[in-house]
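> Quick one: the structure is below, questions incoming.
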Amino acid sequence: MKTRIKLVGTGRYIPPATITNADLEKMVDTTSEWIETRTGIMNRHRAVGEMTSDMACKAARNAIEKAGYDKDKIDLIVTATITGDQQTPSTANFIQAKLGLTKHPVAAFDVNAACTGFIYALETASSLLQTGRYRAALVIGAEMLTRCVDYTDRNTCVLFGDGAGAMIIEPAKLPASPVHFFTASACDPESALTVIKDRIRMDGQKVYAFAVNAVETAIRHILNMAAMTLDDIEVVIPHQANIRIIQSVARALDVPLHKFFMNIRDYGNTSAASIIIALDEYRDFHPEAKGKRALLVGFGGGFTWGSAIITL
Ligand code: ACO
């Protein structure tokens, strides 16, 4: 799918409390060296005394502030999360209330596509903007995964962290660069990755095998759709799940690893928040990249997977 939207701003919020590899060494039978070499993760953050919607609001306010944006223009909120505050109202509804977006009609709802959630949410919001019904969308990825982590299971507890990211988009007039999207689901017949009753369970090797293929294929697919090559792309922003997945994809595509922006070392896997947190960091660190293209790519529970090409 191809849409025309303008990226107005991005923001993020990372809760201050941390869980380091050294902390995990005291909780389960693991070593910092094992975690770092198998995953690339050294640290993750943990929300204390706040809900997913609180983190999401802080990320949204950061995006609004950095862009100098009039928040009252926002009339659509789409939140990607698998750790919403509660089943209903949606986390997007809470965000709407906490941001004070209650004086004009605002559509607000959540999207669950696990770690691919932000790409699904961005495609959904972009498509709705194309209808002409909305002025501006706030697209959020926010997760409190530490709530679902079993800290006696060394297979999963070393991987996940909390955080939120936000993006403001508006409809764009021609000749704005199009935004390309590819989203898909491959199902997960063997339930290799589930969160049931707030507990993450994962067959790491099955997820890993799916991820390596999905990320490479999603990149190739979106480049074909856009009639581009990786030379047209300034940076690839992948879902931050495991550094070895990215290294393997870089080898398969024969591109240098530095083409991929990574911050997994500091935050671990923040599911639907990881791509937008990384994108916001990249924009802060590289203001000179404005106007160039970023390729977003993700995979996750479902199994879902997808990619997008946007203009920074
Ligand atoms: N510390 C020490 N040893 C460990 C740990 C740990 N934290 N975790 C597992 N091990 C052990 C296992 O028990 C196993 O021991 P055994 O051989 O005695 O049975 C050994 O290490 C090897 O286990 P593997 O599962 O083969 O380890 P692997 O190299 O595959 O790494 C990992 C595991 C990191 C989970 C990897 O499979 C992976 O990253 N998979 C993808 C996970 C992922 O991306 N998940 C998220 C996707 S979607 C979403 O974000 C919700």
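The values are calculated or read from the model by the stated rules, or taken from the named source; none is laboratory data. All values reported here derive from a predicted model rather than from experimental measurement. Methodologically, a virtual Cβ is constructed for each residue, glycine included, from the backbone with ideal geometry; neighbour enumeration extends over all protein chains shown. Ligands, DNA and RNA are stripped out before the accessible areas are found, and what is left, the full protein with its side chains, is counted by its heavy atoms. Shrake-Rupley method; radii C 1.70, N 1.55, O 1.52, S 1.80 Å.
> Restricting the search to region 180-194, which residues are surrounded by 18 or more Cβ atoms within 10 Å (Cβ to Cβ) and within 13 Å of the ligand (Cβ to nearest atom)? Spell out the reasoning first.
As a first pass, look at region 180-194 and keep what is surrounded by 18 or more Cβ atoms within 10 Å (Cβ to Cβ): 180-183, 188, 192-193.
Matches in region 180-194: ASP188, ALA192, LEU193.
> I'm checking my understanding of the structure. Among residues of region 137-148 that are outside any strand (DSSP E or B) and away from the ligand (no atom under 11 Å from the Cβ), which one is farthest from ILE19 (Cα to Cα)?
If we filter region 137-148 for residues that are outside any strand (DSSP E or B), which is where we start, we get 145-148.
Imposing the further condition that a residue be away from the ligand (no atom under 11 Å from the Cβ) reduces the set to 146-147.
Values: THR146: 10, ARG147: 13 Å.
Step by step, filter region 137-148, then rank; the result is ARG147.
> Could you run through region 79-130 and say how many residues are under 21 Å from GLY163 (Cβ atoms), crowded, with 21+ Cβ neighbours inside 10 Å and of a type in the set (Asp, Glu)?
Matching residues across region 79-130 total 1.
> Then there is this: Pick from TYR134, TYR120: which is out of contact with any Cys (no Cβ under 6 Å at 6 or more places or on another chain), in a loop (DSSP other than H, G, I, E, B) and either of a type outside the set (A, V, I, L, M) or not assigned by TED's automatic domain parsing to the domain that holds ALA80 (or both)? Quick ask: steps written out before the conclusion?
On the way: TYR120 fails: in a loop (DSSP other than H, G, I, E, B).
Exactly one of TYR134, TYR120 is out of contact with any Cys (no Cβ under 6 Å at 6 or more places or on another chain), in a loop (DSSP other than H, G, I, E, B) and either of a type outside the set (A, V, I, L, M) or not assigned by TED's automatic domain parsing to the domain that holds ALA80 (or both), namely TYR134.
> What number of residues in region 152-175 are away from the ligand (no atom under 13 Å from the Cβ), assigned to a loop (DSSP other than H, G, I, E, B) and in contact with a strand residue (DSSP E or B) (Cβ under 6 Å, 6 or more places away or on another chain)?
Total meeting the criteria: 1.
> Same structure, new question: Identify all residues within region 4-33 that are more than 21 Å from the chain's Cα centre (by Cα) and free of Cβ contacts under 8 Å to residues at least 60 places away in the same chain; write none if there are none. Give the steps one after another, and end with the answer.
Kept after step one, since they are more than 21 Å from the chain's Cα centre (by Cα), are these residues of region 4-33: 20-33.
THR20, ALA22, ASP23, GLU25, LYS26, THR31, SER32, GLU33, listed by residue number.
> A follow-up question, please. From the list LEU257, LEU230, exactly one residue is open to solvent by 10 Å² or more (accessible area, probe 1.4 Å), farther than 27 Å from ILE200 by Cβ and in contact with a helix residue (DSSP H, G or I) (Cβ under 6 Å, 6 or more places away or on another chain). Which is it? First the steps, then the outcome.
Values: LEU230 fails: in contact with a helix residue (DSSP H, G or I) (Cβ under 6 Å, 6 or more places away or on another chain).
That would be LEU257, the only listed residue that is open to solvent by 10 Å² or more (accessible area, probe 1.4 Å), farther than 27 Å from ILE200 by Cβ and in contact with a helix residue (DSSP H, G or I) (Cβ under 6 Å, 6 or more places away or on another chain).
> Every residue in region 273-312 that is within 16 Å of the ligand (Cβ to nearest atom), of a type in the set (S, T, N, Q) and either outside any helix (DSSP H, G or I) or open to solvent by 20 Å² or more (accessible area, probe 1.4 Å) (or both), please.
Filtering region 273-312 for residues within 16 Å of the ligand (Cβ to nearest atom) gives 273-278, 296-307.
If we keep only those that are of a type in the set (S, T, N, Q) as well, we get 274, 304, 307.
Hits for region 273-312 are THR304, SER307.
> In region 233-249, which residue that is open to solvent by less than 30 Å² (accessible area, probe 1.4 Å) and part of a helix (DSSP H, G or I) is nearest to the ligand (Cβ to nearest atom)?
To start, the set of residues in region 233-249 that are open to solvent by less than 30 Å² (accessible area, probe 1.4 Å) comprises 233, 235-242, 245-246, 248-249.
Filter once more, so that each one left must be part of a helix (DSSP H, G or I): 245-246, 248-249.
Numbers: ILE245: 6, ILE246: 11, SER248: 11, VAL249: 12 Å.
Taking the candidates together, the pick is ILE245.
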